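Okay, handing you the structure first.
The values are calculated or read from the model by the stated rules, or taken from the named source; none is laboratory data. Note that the structure is a prediction, hence the values are computed from the model and not measured. Positions of Cβ are backbone-derived with ideal geometry, glycine not excepted, and every protein chain shown enters the neighbour counts. Protein only, heavy atoms only, side chains kept; ligands, DNA and RNA dropped before computing areas. Shrake-Rupley method; radii C 1.70, N 1.55, O 1.52, S 1.80 Å.
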Amino acid sequence: MKRLFYLLSVLLAVSAFVACSGKGGKDNKDTLLVQQDSADAHGTKRMQVSKSETDIQFKGKDYHIFLSRTPSDSLPHVNTEMGDEYLDNQIVLKITRGNERVFSKTFTKRSFASLLDEEFMSKSILEGMVFDKSTPQGMVFAASISYPQTDLYVPVSITITADGGMSLKKEELMEDVYSEDSI
């Protein structure tokens, strides 16, 4: 059930990046700004810019989460087997509690190099990141490193503690779950 929830969270993140959304009213604590994917004059493709803000309660305190994904010209470009060239993304995660900064980091796919093999890293991009849930260990975020424009990805769980500590964990893919549960 945990794995299904994680996959649904990642899929929700991808859907949120593709769908246009605005602030729906005073009760909506999430905001999302989305633009269309584009390609430059040289045909290099880039994902849309995405920003979201969420307010949560964790261990009885109010936290504000800011996530921003932007394609980066300074990161190495990724070439697919079909010959398409993509810009990789960077994702800024900031967590505050009142006026206190708890956590601030700019993630690239290199942030997850200890969990991924070099061949996958050379052909993939950092696709997205979303807040998943709170656990006694911390605030959990789901990140996805994927081959561009495909369903092939590696899910990663990022846990941020109340004092700003961070841990990373590679999650299982759903295909692995299905093969384990098969008769």
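If you roll a 1.4 Å probe over the heavy atoms of the protein chains, what accessible area per residue do you get for region 44-170, in Å²?
48 Å²
How far apart, in nm, are the 7 Å Cα→Cβ label points at M166 and T96?
It works out to 1.9 nm between the two label points.
Another question, if that's okay. Over 29 Å between Cα atoms: which of K45/K133; K45/K109; K51/K123; K59/K123 fall into that group?
In this structure, K45/K133; K59/K123 exceed 29 Å between Cα atoms.
Amide H neighbours of F103 under 5 Å, counting only residues 5+ apart in sequence or on other chains, H built in-plane at 1.01 Å?
I95
Modelled label-to-label distance, D62 and D151, 7 Å Cα→beta-carbon offset: nm?
4.2 nm
May I ask you to give the percent of accessible area on region 95-176 that is carbon plus sulfur, with a probe radius of 1.4 Å?
After summing per-atom areas, the C and S share lands at 47 percent.
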